[in-house]
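The values are calculated or read from the model by the stated rules, or taken from the named source; none is laboratory data. As the structure is a computational prediction, the values presented were derived from the model and not from experiment. Please note: Cβ atoms are built from the backbone with ideal geometry, for glycine as well, and neighbour counts cover all protein chains shown.
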Amino acid sequence: MAYEYELPIILGPSSTGTVLRAQLYDGTSGADVGGEISTGFTELGNGTYHWNYASMPDGHSGGVKVYENGSPTLPLTLGAVSPPETENTDVKTSTRSTLTQANILSDATPFAGGNIDTTISSRSILAQADIISDATPFAGANIDAAISSRSSYTPASDTLEGALTYDEVFRIVLSALAGLVSGGGTTTLRFRDYADSKDRIVATVTAQGNRTVITLDGS
């Protein structure tokens, strides 16, 4: 197996057009490894080069020397080579123990043994009676009965103030805020309903605008 190796080479403007060669060498003995390499060199300009070698032997540890063609004993630059680390996943995987159901849960050592099916099935079932009660809220009685005993809200019949229902109050408020008004500058002001079909509010006022009599129709 081989891998790709990259090496920038900066020689200077005086070395423009140089024909380069490369040679791998052993990092311990310094001896050449393999033959001379003539491919992968790209001149970038002004004596700057880039070497791409796609066949670096897997496991090669040492370096590479770059020299001018015909002068292998006069290296122009050197590059260190350290092989990428490999990982033996087969060995690591095989050393892992197999997880069994017995390793999951137990009463003595939670999540470390026992039978999870048995442990779960031994738990009591939550009944509706355990949910809510008047005596101890959320701890008993029947939630359906507790909810059904609560009163409902009916705006058409429930009164908000005096004999006025919620619906009637809403209609009167809408008339006062958004209804047409007549009688401005007189002693009688009339506030119409949204459809302009009736008087919702009839107010008798003084010259100063103080209300003395109010007649309401929220129906």
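Some notes on this structure:
- Test result for Leu160, modelled with pLDDT under 90 and part of a strand (DSSP E or B): yes
- Residue ID - surrounded by the most Cβ atoms within 10 Å (Cβ to Cβ), chosen from residues in the range 183-218 that are among the polar types (S, T, N, Q) and closer than 24 Å to Asp167 by Cα: Thr215
- In the range 33-54, residue surrounded by the fewest Cβ atoms within 10 Å (Cβ to Cβ) [restricted to those that are over 14 Å from Gln23 (Cβ atoms) and among the polar types (S, T, N, Q)]: Thr42
- Selection of the range 7-24 for residues being touching a His at 6+ places or on another chain (Cβ under 8 Å) and surrounded by 12 or more Cβ atoms within 10 Å (Cβ to Cβ) yields Leu7, Ile9, Leu24.
- Qualifying positions in the range 47-68 - within 14 Å of Leu11 (Cβ to Cβ) and either modelled with pLDDT of 95 or more or part of a strand (DSSP E or B) (or both): Thr48, Tyr49, His50, Trp51, Lys65, Val66, Tyr67, Glu68
- Number of positions in the range 1-30 that are part of a strand (DSSP E or B) and β-branched (Val, Ile, Thr): 2
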